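Q: Please read through the structure below; I'll follow up with questions.
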Amino acid sequence: MSPTGSATTVMGGPGDDQAAILADRLGRRYGDVTAVESFSLAIRPGEFFALLGPNGAGKTTTLHMLTTMVRPTAGTASVFGLDVVRQAHAVRRLLGMVFQDPALDDRLTAKENLEIHAVLYGIGRSERAHVIERALEWAALTEARDRRVRSFSGGMKRRLELARALTHSPRVLFLDEPTIGLDPQGRRNLWEHIAALREGGMTVLMTTHNLPEAEACDRVGIMDAGRLVAVGTPRELVARYGGAGAGGAEVAMPGPGRLDQNAPGQAPRDSEPADLEDVFIALTGKQLRDEQATARDRLVSFAKRGGEHTR
Amino acid sequence: MRAGNQGVLGPFGAKAVGVRSLAGIAPAVVLVMWRREMKRYLRDRSQIFGGFSRTVLWLVILGYGLGASLREIEGYTYGQYILPGVIVLNVLFAALQCAIALVWDREVGLLREVVVSPAPMFSVTLGKLLGGATISLIQGSIPLLFAPLIGVRLSVGGLLGAWGVIFCLGVFMTAVGVIIATRLKTFEGFGSISNGVIQPLYFLSGSIFPLRGVIGGVGFLDIPDQLRDELRRIGVFAIGGGWVVQLPEWLKVLVYANPVSYQLDLLRHALLRFHQLPMTADVLVTVLAPVLAAVVAAALMRRMTAQR
């Protein structure tokens with residue numbers, strides 16, 4: 001396949017009439033708590049899509065359902081026509097995943113981490129060395145390939161993970177908060193790598209609570225309290241909800257007048273032009289940040305202090 | 001920018017042929033996970049150092065220190081008597097440390113990457129268990145290096161038998177560790193595992209005290225009080241004095257319920273030709289316990305990583 005036209009147009013090729021990702025009233029409950037509710041969305045092949053929302057909005061749960069890690073309690077979802085529950089195994093071969101926190105073995109070198117990945121995805125022995133060299137080159141880590149990941153900066157780790165997620169030629173890439181925790185330079189560098197994929201026609205679904213990143217995507221879905229409250233191109237969303245008049249945004253969850261209740265609540269910002277943040281506040285009545293420490297967060301912070309290596 | 005050059009789907013040109021498996025086991029996956037464990041172990045010098053320091057502390061210092069009082073047990077010096085116990089202690093540490101790293105791996109490490117991959121989880125677990133057992137074999141062999149120093153002569157048969165038992169114990173304890181790890185939500189340090197699991201299993205296995213016997217030899221049933229007083233006057237304290245050693249009933253129950261007791265007993269038989277428990281029970285527990293624990297560990301790993 002080769003990229004045809006701009007990334008927003010549907011790509012040519014066998015997957016032409018088929019959605020890359022299709023979710024139909026997808027939902028997940030944990031006991032009495034609803035993490036995701038009635039999530040419906042279609043993503044075209046080659047599309048660059050961002051899920052925007054605060055922590056706890058259900059972005060990661062949605063991503064985990066689409067990547068076969070979490071079983072939906074309602075609705076269905078498919079990746080290139082393959083059901084994420086019934087055909088989970090086949091779906092796994094089609095997707096590449098970059099987690100919110102590094103999922104690397106930091107006592108191993110960059111190359112060794114890639115080798116494990118290659119074996120797990122059944123990349124033939126004869127191809128392995130070549131593919132790994134190209135992945136290292138792509139991530140600009142050729143010189144660091146025999147260094148242990150433990151000594152890598154956050155940006156290097158993320159580039160390695162991004163390259164790793166691509167080694168088995170996935171058709172969809174899932175990125176969970178790819179640039180979180182990186183310094184501005186690392187962020188910019190990683191974003192360039194992500195942008196290169198986009199030019200190549202890769203289908204990307206990422207979660208973020210970084211507005212400029214969301215604004216750079218083809219389409220944005222805004223999540224709040226487990227629901228997808230609006231979907232559209234950044235421009236459409238700003239036009240529709242940013243206070244600058246009506247636009248053509250498709251609303252994912254029509255019906256219960258929820259959007260309209262909130263929408264009039266915000267006054268148009270007088271001088272400055274409206275942006276996605278205004279849209280977000282208009283739709284959710286919230287700012288984009290929200291922190292709470294879970295048991296896992298404590299473990300992560302323990303890890304950052306040296307963790308396993310401090311006994 | 002360099003990144004832009006390979007702009008096609010699958011930028012590195014890889015063709016995934018799929019994981020080959022035989023009877024539900026993918027040898028390549030088992031091997032790569034085993035090698036991962038070995039690399040992690042060989043790069044962690046503190047673990048190797050720990051194996052040596054533990055051996056020296058127990059075998060040499062305790063062996064000679066406590067051995068000055070407990071001069072012999074059934075013809076063996078105290079150091080010789082505890083040699084199999086020190087091996088077991090090294091195995092407990094090695095296997096559990098390897099297994100408990102899973103908690104870590106699941107939350108901030110490689111396991112999540114393994115979970116979204118199409119690799120079969122049973123093979124991943126098998127690689128882990130074999131890795132833990134191999135590390136156990138190496139760590140458990142450290143005390144054997146000290147065997148000549150304390151006067152234990154190793155025969156080839158005895159050594160092979162000992163390695164067999166150590167390997168089984170390694171699989172068993174790694175599996176037990178995996179079972180514990182799948183149950184733990186969070187984990188901040190190894191101390192709780194050491195105090196809560198390793199030490200009870202170790203101390204309740206007959207590793208450092210005989211299960212029953214007579215101290216001091218028949219004939220010296222007790223030291224008369226007058227003699228004690230005289231000895232005390234010249235600075236010698238009377239220790240023991242000759243009585244039948246019989247563990248309290250509750251302690252005996254715990255020792256007999258501990259599978260490690262039987263594995264240790266078989267190990268002692270291999271190294272010293274001395275054992276205290278029925279040989280059939282020793283062999284059965286040594287062979288069956290790892291199989292059983294591995295089955296449970298694999299099932300729990302599967303459940304932990306399954307779509308939930």
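Q: Please report, in whole Å, how far the alpha carbons of segment A:126-246 spread along each principal axis, starting with the longest.
A: 56, 30, 25
Q: Which of rounded, prolate or oblate describes segment A:86-129 when judged by the alpha-carbon gyration tensor and an a/c cut-off of 1.5? Mind showing how you got there, number by number?
A: Working: a/c = 3.01, a/b = 1.21, b/c = 2.50.
Oblate is the answer for segment A:86-129, as a/c is 1.5 or above yet b/c matches or exceeds a/b.
Q: Past 22 Å, Cα to Cα, is the threshold; run A:Lys157/B:Lys128; A:Lys111/A:Lys157; A:Lys157/B:Lys185; A:Lys59/B:Lys128; A:Lys111/B:Lys128; B:Lys128/B:Lys185 against it and keep the listed order. Walk me through the numbers before you get to the answer.
A: Values: A:Lys157/B:Lys128 24 Å; A:Lys111/A:Lys157 12 Å; A:Lys157/B:Lys185 25 Å; A:Lys59/B:Lys128 32 Å; A:Lys111/B:Lys128 20 Å; B:Lys128/B:Lys185 20 Å.
From A:Lys157/B:Lys128; A:Lys111/A:Lys157; A:Lys157/B:Lys185; A:Lys59/B:Lys128; A:Lys111/B:Lys128; B:Lys128/B:Lys185, over 22 Å: A:Lys157/B:Lys128; A:Lys157/B:Lys185; A:Lys59/B:Lys128.
Q: Further question on the same structure: For segment B:44-92 and segment A:80-141, compute the distance between their C-alpha centroids and round to whole Å.
A: So the separation of the two Cα centres works out to 45 Å.
Q: Can you give me the % of accessible surface on chain B that is carbon or sulfur? Probe 1.4 Å, all protein chains present, nothing else counted. Intermediate results must be reported in sequence, preceding the final value.
A: Values: 9510 of 14310 Å².
Carbon-and-sulfur percentage of accessible area, whole number: 67.
Q: For chains A and B, what's the summed buried accessible area, probe 1.4 Å, to the nearest 100 square angstrom? Write down the numbers at each step before the final one.
A: Working: alone 15830 and 17220 Å², together 27470 Å².
Interface between A and B: roughly 5600 Å².
Q: So if R0 is 22 Å, what FRET efficiency would A:Asn55 and B:Arg308 give, r being the distance between their Cβ atoms, rounded to the nearest 0.05?
A: Working: r = 21 Å, r/R0 = 0.95.
The pair A:Asn55/B:Arg308 has a calculated efficiency of 0.60.
Q: So, one more: For segment A:26-114, just the Cα atoms, rotate onto the principal axes and tell me the three extents in Å, largest first.
A: Principal axes ranked by extent give 42, 29, 25 Å for the Cα atoms.
Q: Tell me the trypsin sites (Lys or Arg not before Pro) within segment B:31-82 that lie in a loop according to DSSP and have at most 15 other beta-carbon atoms within 10 Å. Write down the numbers at each step before the final one.
A: Numbers: sites: B:Arg35, B:Arg36, B:Lys39, B:Arg40, B:Arg43, B:Arg45, B:Arg54, B:Arg71; in loops: B:Arg43, B:Arg71.
Sparse-neighbourhood loop trypsin sites (Lys or Arg not before Pro): B:Arg43, B:Arg71.
Q: Can you find, among B:Ala26, B:Pro200, B:Ile61, the residue farthest towards the positive end of the dipole of chain B? Put +1 on the C-beta of Lys and Arg, -1 on that of Asp and Glu.
A: Final value for the positive-end residue is B:Ala26.
Q: Pop out a list of residues from segment B:262-308 that are at least 40 Å² less accessible with all the protein chains around than in their chain alone; 1.4 Å probe, no ligands or nucleic acids counted.
A: Residues of segment B:262-308 that lose at least 40 Å² of accessible area once the other chains are added: B:Gln307, B:Arg308.
Q: Continuing with the same structure: Under a 10 Å cutoff between Cα atoms, tell me which one of B:Thr134, B:Thr77, B:Thr280 has the largest fluctuation in the Gaussian network model of chain B.
A: Fluctuation is largest for B:Thr280.
Q: Under the 0.36 nm per residue contour assumption, what length would be gained going from the current alpha-carbon distance of B:Met279 and B:Ala257 to full extension? Write out the running numbers ahead of the final one.
A: Values: separation 22, 0.36 × 22 = 7.92 nm, distance 1.57 nm.
Result for the pair: 6.4 nm of gain on full extension.
Q: Applying 1/(1 + (r/R0)^6) with R0 = 22 Å to the Cβ-Cβ distance of B:Ser53 and B:Gln199, what FRET efficiency is obtained, to the nearest 0.05?
A: Details: r = 17 Å, r/R0 = 0.76.
FRET efficiency, B:Ser53 to B:Gln199: 0.85.
Q: With n ≥ 4 as the cut-off for DSSP H runs, can you work out [θ] at 222 nm for chain B, using -39500 (n - 2.57) per run divided by the number of residues, rounded to the nearest 500?
A: On the way: 11 runs with 180 residues, N = 308.
Calculated from helices alone, the mean residue ellipticity at 222 nm is -19500 deg cm²/dmol.
Q: Turning to a different aspect of this structure: Taking beta carbons within 10 Å but only from partner chains, what does the mean come to for residues A:156-165? Display every interim value, and only then the final one.
A: Values: counts 0, 0, 0, 1, 0, 1, 1, 3, 1, 2.
What the average comes to for A:156-165 is 1.
Q: Tell me the net charge near B:Lys39. Cut-off is 9 Å between Cβ atoms, B:Lys39 excluded, with +1 for each Lys or Arg and -1 for each Asp or Glu. Walk me through the numbers on the way to the answer.
A: Details: positive: A:Arg107, B:Arg35, B:Arg36, B:Arg40, B:Arg43; negative: A:Asp105, A:Glu112, B:Glu37.
Cβ neighbours under 9 Å give a net charge of +2.
Q: Can I ask one more? Give or take rounding to whole Å, what are the principal axis extents of the alpha carbon atoms in chain B, in descending order?
A: Here the spans come out as 95, 43, 40 Å, largest first.
Q: Share of antiparallel DSSP beta bridges in segment A:111-254, in percent to the nearest 5?
A: Numbers: 6 of 11 bridges.
Antiparallel bridges: around 55 percent, rounded to the nearest 5.
Q: Also: Could you work out the local net charge near B:Phe274, counting Lys and Arg as +1, Asp and Glu as -1, over the other residues with Cβ closer than 11 Å to its Cβ?
A: Numbers: positive: B:Arg268, B:Arg273; negative: B:Glu74, B:Asp265.
Combined, the nearby Lys, Arg, Asp and Glu give 0.
Q: Can you give the accessible area per residue of chain B, in Å², using a 1.4 Å probe? Could the numbers behind the result be given before it?
A: Values: 14310 Å² over 308 residues.
Solvent-accessible surface per residue comes out at 46 Å².
Q: Moving on. Is there a quick way to get the dipole size of segment A:60-157? I mean about its Cα centre, with the Cβ of Lys and Arg at +1 and of Asp and Glu at -1; what is the value in debye to the nearest 20? Please list the in-between numbers first.
A: On the way: 14 positive and 11 negative charges, 37 e Å.
Using only the charged Cβ atoms, the result is roughly 180 debye.
The values are calculated or read from the model by the stated rules, or taken from the named source; none is laboratory data. Since the model is a prediction, treat every value here as computed from it, not as a measurement. With ideal geometry, Cβ positions are generated from the backbone for all residues, glycine too; neighbour counts draw on all protein chains shown. Surface accessibility is based on the protein's heavy atoms, side chains included, excluding ligands, DNA and RNA. Shrake-Rupley method; radii C 1.70, N 1.55, O 1.52, S 1.80 Å.
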